[in-house]
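Okay, structure first, notes after.
The values are calculated or read from the model by the stated rules, or taken from the named source; none is laboratory data. Here the structure is a predicted model, which means the values were calculated and not measured. Cβ: placed from backbone, ideal geometry, glycine included. Neighbour counts: every protein chain shown. Heads up: the accessible areas ignore ligands, DNA and RNA and are worked out on the full protein's heavy atoms, side chains in. Shrake-Rupley method; radii C 1.70, N 1.55, O 1.52, S 1.80 Å.
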Amino acid sequence: DYGLSEADPEVRAIIDKEKERQFRSLELIASENFTSRAVMEAVGSCLTNKYSEGLPGKRYYGGNEYIDELETLCQKRALAAFHLDETNWGVNVQPLSGSPANFEVYTAILKPHDRIMGLDLPHGGHLSHGFMTPKRRVSGTSIYFESMPYRLDESTGLVDYDMLEKTAILFRPKLIIAGASAYPRDFDYPRMRKIADSVGAFLMMDMAHISGLVAASVVADPFEYCDIVTTTTHKSLRGPRGGMIFFRKDPVLGVDLESAINNAVFPGLQGGPHNHTIGGLAVCLKHAQSLEFKAYQNKVVSNCRALASRLLELGYKLVSGGSDNHLVLVDLRPMGIDGARAEKILDMASITLNKNSVPGDKSALVPGGIRIGSPAMTTRGFTEKEFKLIADFIHEGVQLTIDAKRSVSGSKLQDFLNFVASPDFPLRDKVSD
Ligand code: PLP
């Protein structure tokens, strides 16, 4: 039995290159993070060998006494991490990721072609919330369910709740989805609850991006108002790649969410759970209850604010004018460039972020904005000072994009990137294979 270097040097070399890239770059993709060595140890363990279809105590395979112990521990930690009481809330920790978790909820509580309303993708929503174009139903959600997205008020960059309410009264959705991939503000859960109640709809929050912030209570708590809360586990939460679905234990609109959701996960859409991921998730959820984690999430938010305020000082237009969470959305159109070009140029300078649609955009392929997130570099120990510098470097990159003749080498940006890549850079051990 060989280690990876001996068994497969080719894959080893690719992993080494990716590790080097992760060290070298300023990782600003809002949905990414560096998980801990402890989480990665669990994910790389023998737990991957085991089949355990079913739930703890009710499995379709033998030999599951330790897997049962693990999944039960993970469920308990998930509820504790989000301050939930076991009598009112349950959780399924088996979803393979965020999109499957969402689809599992839809198939649990809806019939094919029932109506849903989620935030439109070009306005910050996620594909799995029902995105479609005038020509094509793009995601499974919009193929199997009838989707009428709600949008932002383009003048404020905030969700247009009045329009959501008016549309919901006409469209009569069975499910309203809160949550986003590129929305720098909190959702107004009390308002959404009222709208959902007025039309007899379920209210679900997909807190994938902000679940770490929710666990640390640095943003509003969706559990107070929602019937179902889904999440990925690998973004601000800093866990392994995976998903979770939280549900109220009491029936909602006559539906027993616990059995409907558990059955939708297995046997509805999945087979054997990824026990190695559940192991890593349990480790992450223990950490999520610590004071250190709360301090980290506070820094994620204050770093993001520092970044936003420096960008504003530099004259940038931010969607909604700032940020209350871990990301900012910069509208580059007033600078005369697009997000796609800025992403490319910044990537060449090892600044990793993504192009993003901003309200009013005509094209999704060449969108007018970039999305910048603070979780990953906060994990690597960056403070507000470095986040202000990041804004300066992005500015330098944007200027380079505008004036493509200027060379990157010899710039302040290059000096700083050399430092980030050097062994002196703090918290290098946070990224390990
Ligand atoms: N939900 C939201 C709000 C997301 O931003 C994402 C991914 O970025 C997902 C769901 C999907 O997660 P996954 O890529 O794990 O399927």
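The residues of segment 265-282 that are part of a helix (DSSP H, G or I) and buried (at least 22 other Cβ atoms within 10 Å of the Cβ), listed by number, are Val265, Asn275, Thr277, Ile278, Gly279, Gly280, Leu281, Ala282.
For segment 242-257, which positions are out of contact with any His (no Cβ under 8 Å at 6 or more places or on another chain) and not in a strand (DSSP E or B)?
Passing the criteria: Lys249, Asp250, Pro251, Leu253, Gly254, Asp256, Leu257.
Residues in segment 70-87 that are surrounded by 12 or more Cβ atoms within 10 Å (Cβ to Cβ), acidic (Asp, Glu) and without any contact (Cβ under 8 Å) to a residue 60 or more places away in the chain: Glu86 alone.
What do you reckon, is Asp85 farther than 24 Å from Asp221 by Cβ and of a type in the set (Asp, Glu)? No. Taking segment 303-344 as the range and being part of a strand (DSSP E or B) and closer than 21 Å to Ser211 by Cα as the test, the residues that pass are Leu327, Val328, Leu329. Checking each residue in segment 88-117 for being open to solvent by 10 Å² or more (accessible area, probe 1.4 Å) and among the hydroxyl-bearing types (Ser, Thr, Tyr) picks out Ser97, Ser99, Thr107.
Could you check, for segment 60-67, whether at least one of its residues is within 16 Å of the ligand (Cβ to nearest atom), touching a Gly at 6+ places or on another chain (Cβ under 7 Å), open to solvent by 20 Å² or more (accessible area, probe 1.4 Å) and over 19 Å from Cys284 (Cβ atoms)? Don't jump to the end; show me each part of the working.
Within segment 60-67, the first condition is being within 16 Å of the ligand (Cβ to nearest atom), and the residues that meet it are none.
Looking through segment 60-67, none of the residues is within 16 Å of the ligand (Cβ to nearest atom), touching a Gly at 6+ places or on another chain (Cβ under 7 Å), open to solvent by 20 Å² or more (accessible area, probe 1.4 Å) and over 19 Å from Cys284 (Cβ atoms).
The set of residues from segment 32-59 being open to solvent by 30 Å² or more (accessible area, probe 1.4 Å) and among the aromatic types (Phe, Trp, Tyr) comprises just one member, Tyr51. Being open to solvent by less than 10 Å² (accessible area, probe 1.4 Å), β-branched (Val, Ile, Thr), touching a residue at least 60 places away in the same chain (Cβ under 8 Å) and not in a strand (DSSP E or B) is the requirement here; does Val300 meet it? So Val300 passes the test.
Restricted to segment 142-190, and to residues there that are among the small types (Gly, Ala, Ser) and without any contact (Cβ under 8 Å) to a residue 24 or more places away in the chain, the residue that is nearest to Arg371 (Cα to Cα) is Ser155. Mind checking which residues of segment 128-139 are buried (at least 17 other Cβ atoms within 10 Å of the Cβ) and within 16 Å of the ligand (Cβ to nearest atom)? Ser128, His129, Gly130, Phe131, Ser139 - these are the residues of segment 128-139 that are buried (at least 17 other Cβ atoms within 10 Å of the Cβ) and within 16 Å of the ligand (Cβ to nearest atom). Looking at segment 249-259, is at least one residue under 22 Å from the mean Cα position of the chain (by Cα) and either modelled with pLDDT of 95 or more or open to solvent by 40 Å² or more (accessible area, probe 1.4 Å) (or both)? Within segment 249-259, none of the residues are under 22 Å from the mean Cα position of the chain (by Cα) and either modelled with pLDDT of 95 or more or open to solvent by 40 Å² or more (accessible area, probe 1.4 Å) (or both). Restricting the search to helices (runs of 4 or more DSSP H) fully inside segment 1-71 and requiring at least 2 residues that are closer than 30 Å to Pro375 by Cα gives 9-24, 37-43.
Condition check: in contact with a Phe, Trp or Tyr (Cβ under 8 Å, 6 or more places away or on another chain) and of a type in the set (A, V, I, L, M, F, W, C). Does Leu213 satisfy that?
So Leu213 fails the test.
Checked against the criterion of being modelled with pLDDT under 95, under 24 Å from His326 (Cα atoms) and of a type in the set (Ser, Thr, Tyr), the candidates Ser374, Ser363, Ser432 yield just one match: Ser432. With respect to the conditions (1) closer than 17 Å to Arg185 by Cα; (2) touching a Gly at 6+ places or on another chain (Cβ under 6 Å); (3) of a type in the set (A, V, I, L, M), Leu237 falls short on a single one, namely (1). Can you tell me how many residues within segment 327-351 are open to solvent by 60 Å² or more (accessible area, probe 1.4 Å) and either modelled with pLDDT under 90 or touching a Pro at 6+ places or on another chain (Cβ under 8 Å) (or both)? Within segment 327-351, residues that are open to solvent by 60 Å² or more (accessible area, probe 1.4 Å) and either modelled with pLDDT under 90 or touching a Pro at 6+ places or on another chain (Cβ under 8 Å) (or both) number 5.
A Cβ distance below 7 Å, combined with a sequence gap of six or more or placement on separate chains, defines the contacts here; from segment 281-296, residues that are among the aromatic types (Phe, Trp, Tyr) reach residues that are open to solvent by less than 30 Å² (accessible area, probe 1.4 Å) in the pairs Phe293/Ala216; Tyr296/Thr378.
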